[in-house]
1. Among the residues of region 101-146, how many are more than 19 Å from F255 (Cα to Cα), open to solvent by less than 20 Å² (accessible area, probe 1.4 Å) and of a type in the set (A, V, I, L, M, F, W, C)?
2. Do any helices (runs of 4 or more DSSP H) lying entirely in region 99-199 carry at least 2 residues that are aromatic (F, W, Y) and within 14 Å of the chain's Cα centre (by Cα), and which ones are they?
3. Check T24, T6 and return the single one that is open to solvent by less than 70 Å² (accessible area, probe 1.4 Å), within 25 Å of W273 (Cβ to Cβ) and either of a type in the set (S, T, N, Q) or at pLDDT 90 or above (or both).
4. Among (1) surrounded by 15 or more Cβ atoms within 10 Å (Cβ to Cβ); (2) modelled with pLDDT of 95 or more, which single condition is T190 missing?
5. Which pairs do you get when a residue that is closer than 15 Å to F112 by Cα and touching a residue at least 24 places away in the same chain (Cβ under 8 Å), found in region 176-200, comes within reach of a residue that is open to solvent by 60 Å² or more (accessible area, probe 1.4 Å) and among the aromatic types (F, W, Y), reach meaning Cβ atoms under 7 angstrom, with the pair 6+ apart or on two chains?
6. One residue is enough: does region 243-250 have a residue meeting the conditions crowded, with 23+ Cβ neighbours inside 10 Å, touching a strand residue (DSSP E or B) at 6+ places or on another chain (Cβ under 7 Å) and touching a residue at least 40 places away in the same chain (Cβ under 8 Å)?
7. How many residues are of a type in the set (F, W, Y), under 14 Å from F224 (Cβ atoms) and in a loop (DSSP other than H, G, I, E, B) if we restrict to region 265-292?
8. Filter region 73-95 for residues that are in a helix (DSSP H, G or I) and either under 30 Å from G37 (Cα atoms) or touching a residue at least 40 places away in the same chain (Cβ under 8 Å) (or both); which is least open to solvent (accessible area, probe 1.4 Å)?
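The values are calculated or read from the model by the stated rules, or taken from the named source; none is laboratory data. Keep in mind it's a predicted model, so treat the numbers as computed, not measured. Note that each Cβ is placed from the backbone with ideal geometry, even for glycine, and that neighbours are counted across all protein chains shown. Side chains are part of the model used for accessible areas, which takes the heavy atoms of the whole protein and leaves out ligands, DNA and RNA. Shrake-Rupley method; radii C 1.70, N 1.55, O 1.52, S 1.80 Å.
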Amino acid sequence: MKALLTEESHAFTSKLFLLLSIPTYVVTRYVIVAPFGRHVQDSKKYRWWFGPQLDAKLSWFIFESPNLIWSWYCYCYLRDSEIMSSGSDAAMISFDDNQLQLSSNAMLLALFTLHYINRAIIYPLRMNSNSHRVPLLVTASAMVVTILNGYQISFHLVRVHKLTPLTLPPSSWINLQSWLGILVFVVGMTINITADGVLRNLRRQRNSDGNNQKTYYIPQHPLFTYISCPNFFGEILEWFGFAIASQFSLPAMAFFIYTSSNLVPRAIAHHEWYKQKFEDYPLERKWAVIPFVV
């Protein structure tokens, strides 16, 4: 464990995580769509090596929780008070020279933790009871990713690099950049949560119809006007904002690129599925995940 918790091992992990985005994109775009949800609806598409299927709520909690565990562990046991401080003393919040100063490291760790409180706890609890079960292969693969990511993001913020503190009012271009990144993160998270809610309500509509079959509806919401997967777009936007706020640190950029390499192929698969499933799919909804791009 001690060998893992060094700056050298951390740098290696971040580079490895960045490199993993290449095979992730190639495999999920051109070889196989990740086998869960609407893309494994019948036994003909299921393979023995996918493993047993787990309850969706349990699976989401299992594979998202390592991020929370790492953020808690790094903050409680590994943090460097100087790196997590807002100024010359150890406080994360201080007031100096008529400016409020906040620790950028603490702020980003808080945003990272907030995101995964939603993904690991709130999101599974709000899932419908008849959500598609998740193959063990998907759960295990996702858990490997979150173990790596939770470590490389959390350790970086509490132990490796002190970011320029945030100030109110902003006192430099770097400060403006960090606040802009935080704003982009919040907008992305809002889009992600809102779009997830729209999709969840569609499934509740299916349940209220008294139909036990997996019936699907076309999402109707302003966020879905031009793209099929605004929930994925929101999450990509979150981590782009996080990378901006972290001053484009290697761990944050690695996670942003990896997230894109995973979600863009899945969004394309969703988009193609929608067009095949519904003859009346909106013509203006031309893109899968990023308006006017893909």
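1. So the count comes out to 1.
2. The qualifying helices (runs of 4 or more DSSP H) are 104-117.
3. The unique qualifying residue is T24.
4. Among (1) surrounded by 15 or more Cβ atoms within 10 Å (Cβ to Cβ); (2) modelled with pLDDT of 95 or more, the lone unmet condition for T190 is (1).
5. From residues that are closer than 15 Å to F112 by Cα and touching a residue at least 24 places away in the same chain (Cβ under 8 Å), the pairs are V184/F240.
6. no
7. The total comes to 2.
8. C74
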